[in-house]
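Laboratory data are not the source of any read-out in this text; all were calculated from the coordinates shown. These figures come from a predicted structure and were not determined experimentally. Methodologically, a virtual Cβ is constructed for each residue, glycine included, from the backbone with ideal geometry; neighbour enumeration extends over all protein chains shown.
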Amino acid sequence: MLYRFKSQATADVVMLETNARQLFNIIGKPAAPEGVITLEQMPAALAALETAIGQEASVSPHNHDAYAVEDHETKAEREHVGLHQRAAPLIEMIKRSLEDQKAIVWSV
């Protein structure tokens, strides 16, 4: 299943269910088939995502340079997609939506 995030301030963001559910958990939203992130909720959602990314970076053995392959012992580690990469499109959407004062909605 795919989740599609929409805002009048940006292009749509489409995510696999597993990745969307992880981000919903971080921002404190239920993984419902439809929902909204209001303007009032966006600063807290943005802060929660940035905090989670910081926590992952402090405990993850993965290099956060998308082009680096050093210090990775296995192919799976070299190809690992971290939270900072999965959350980037939603973070950008939240920032631009805040600037333009537009809500974000999602649906499956």
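Fewest Cβ neighbours within 10 Å first, please rank F5, F24 accordingly.
F24, F5
For region 14-19, just list the computed ³J(HN,Hα) in residue order, Karplus coefficients 6.51, -1.76 and 1.60, θ = phi - 60°, integers in Hz, with x standing in for Gly and Pro.
10, 9, 5, 3, 4, 5
Would you mind putting 92-99, 52-59 in packing order, based on average other-beta-carbon counts within 10 Å, highest first?
92-99, 52-59
Could you run the Karplus curve 6.51 cos²θ - 1.76 cosθ + 1.60 with θ = phi - 60° over region 31-43 and give me ³J(HN,Hα) per residue in whole Hz, x for Gly and Pro?
Once rounded to whole Hz, the list reads 7, 6, x, 9, x, 9, 10, 6, 4, 5, 7, 4, x.
In nm, give the distance between the simple-model label positions of T51 and Q8, each being 7 Å from the Cα along the Cα-to-Cβ direction.
3.1 nm
How long is the gain from A31 to S107 if the chain were fully straight, where each residue apart is worth 0.36 nm and the alpha carbon distance is subtracted?
Taking 0.36 nm per residue and subtracting the Cα distance, the gain is 26.4 nm.
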